[in-house]
Amino acid sequence: MAINIARRQFIAALGGAVSAWPLAANAQQPSKNYRLGLLSGVGVVAATDERRKTLLSVLAMRGFVEGQNLVFVQRYADGHPERLNGLAAELKAANVDVIVTLGYPAALAAKVSAKDVPIVVTGAGDPVATGLVDGLTRPGGNLTGVTELSTDLSAKRLEILKDALPDLRCVAMLWNAADLGMTLRYRAAEDAARVLGVKVQTLGVRQPNDFDHAFAEMTREPPDAILMVSDALTVLNRGRVVEFAKTNHLPTIFENSSIVRDGGLMSYGPKQSEIGERAADLVARILGGARPADLPLELPTRFELLINLQTAKALGLTLPPTLLSRADEVIE
């Protein structure tokens, strides 16, 4: 699905905001210590995570170096969104200078419980549609960040699934129905399904036990494939989804490449390293004195399609050569 005209104009207007600020030439020389908070609805964000690695690497190029003049403070809800408000308040009490959030619930919690702290959101879907910000170009308040075109991308994933399975008639859509950002992604994919003439099996989940119900529904009425929308709840239960799909010979498409490396069939989404780059750019500007209200939300421009050919062979699925040629990485 093509990005709509308004979004294309917005992307053009941004014109490569990251590259417009050369890293080495503009490296900061801070004279104080800074504290960077990270709020996640899932578990601890490991040092190997592409977003974290890139975030800290780019900040170091700007002169904000962890262990020298930058303290990195994490709080994570471990799949319990009801804890996020308290965790956001903890970050505020820890006197962090900026909070980077992962996911819509974390972004909302930070906005509510850390009102005076600058916030940079990532993975929160469409921040305008969810009411996190006033607009893309002038977000207002204390919040800016990266918008991942997630509603458009959900529809694109469905198109890729259709390319892989020309006879696709029914797709099961698995998403966290308690998360507004993820619900908007689901609705976009549902709209695209209608255009493609594909029936949708609606499988909203709100807690881990709901996955058993979703699996029972797919067993009772088997779909042709599964599209999973990623958030804290679904990512924490990704192994169960991959195993169910494997046992029942169901092709899958995800948002995150890590799930494909763990046995999923395909994924399509922004490069996570670029999300880290753009978040770091915004953090550096804020640490340099900029106001979040004046910083337009960033848009990723680099996307990647991963295909696990081992999984395809296990499913007895022969993927079209044209689709394989479009893949940024094929796991064999």
Inset, instruction - With the condition kept exactly as written, say whether any residue in segment 56-71 is surrounded by fewer than 24 Cβ atoms within 10 Å (Cβ to Cβ), touching a residue at least 60 places away in the same chain (Cβ under 8 Å), within 16 Å of the chain's Cα centre (by Cα) and over 22 Å from Ala293 (Cβ atoms). - result: no
Inset, instruction - Pick out, from segment 99-190, the strands (runs of 3 or more DSSP E) lying fully within it that include 2 or more residues that are touching a Gly at 6+ places or on another chain (Cβ under 9 Å), at pLDDT 90 or above and within 20 Å of Gly79 (Cα to Cα). - result: 119-122, 170-176
Inset, instruction - Inspect segment 287-298 for any residue being modelled with pLDDT of 95 or more, open to solvent by 20 Å² or more (accessible area, probe 1.4 Å) and assigned to a helix (DSSP H, G or I) and give the result as yes or no. - result: yes
Inset, instruction - Restrict the check to segment 273-283 and report whether at least one residue is in a helix (DSSP H, G or I), modelled with pLDDT of 95 or more and under 17 Å from Gln310 (Cβ atoms). - result: no
Inset, instruction - Within segment 203-229, track down each residue that is open to solvent by less than 20 Å² (accessible area, probe 1.4 Å) and either of a type in the set (A, V, I, L, M, F, W, C) or part of a helix (DSSP H, G or I) (or both). - result: Leu203, Val205, Phe211, Ala214, Met218, Ala225, Ile226, Leu227, Met228, Val229
Legend entry - Search result, residues across segment 313-329 that are over 14 Å from Lys162 (Cα atoms) and open to solvent by less than 50 Å² (accessible area, probe 1.4 Å): Leu315, Ala327
Legend entry - Failed item in (1) open to solvent by 10 Å² or more (accessible area, probe 1.4 Å); (2) of a type in the set (Gly, Ala, Ser); (3) in contact with a helix residue (DSSP H, G or I) (Cβ under 6 Å, 6 or more places away or on another chain); (4) in a loop (DSSP other than H, G, I, E, B), with Gly264 passing the rest: (1)
Inset, instruction - Could you list all residues from segment 121-148 that are within 21 Å of Phe303 (Cβ to Cβ), crowded, with 24+ Cβ neighbours inside 10 Å and among the hydrophobic types (A, V, I, L, M, F, W, C)? - result: Val121, Ala124, Val146
Inset, instruction - Exactly one condition in (1) open to solvent by less than 20 Å² (accessible area, probe 1.4 Å); (2) over 30 Å from Leu55 (Cβ atoms); (3) of a type in the set (Asp, Glu) is not met by Asp179; state its number. - result: (2)
Legend entry - Counted residues, segment 230-241 - those being open to solvent by less than 20 Å² (accessible area, probe 1.4 Å) and at pLDDT 95 or above: 1
Legend entry - Any hit, segment 99-119, residues being without any contact (Cβ under 8 Å) to a residue 24 or more places away in the chain and open to solvent by 30 Å² or more (accessible area, probe 1.4 Å): no
Inset, instruction - For segment 221-257, enumerate the residues that are charged (D, E, K, R) and farther than 15 Å from Leu203 by Cα. - result: Glu243, Lys246, Glu255
Legend entry - Exclusive hit being modelled with pLDDT of 95 or more, surrounded by fewer than 19 Cβ atoms within 10 Å (Cβ to Cβ) and not in a helix (DSSP H, G or I), set Asn85, Asn95: Asn95
Inset, instruction - Within segment 316-332, track down each residue that is in contact with a helix residue (DSSP H, G or I) (Cβ under 8 Å, 6 or more places away or on another chain) and assigned to a loop (DSSP other than H, G, I, E, B). - result: Leu317, Thr318, Leu319, Pro320, Glu332
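The values are calculated or read from the model by the stated rules, or taken from the named source; none is laboratory data. Since the model is a prediction, treat every value here as computed from it, not as a measurement. Every residue, glycine among them, receives a Cβ derived from its backbone with ideal geometry; neighbour counts consider all protein chains shown. Surface areas here come from the heavy atoms of the whole protein model, side chains and all, with no ligands, DNA or RNA. Shrake-Rupley method; radii C 1.70, N 1.55, O 1.52, S 1.80 Å.
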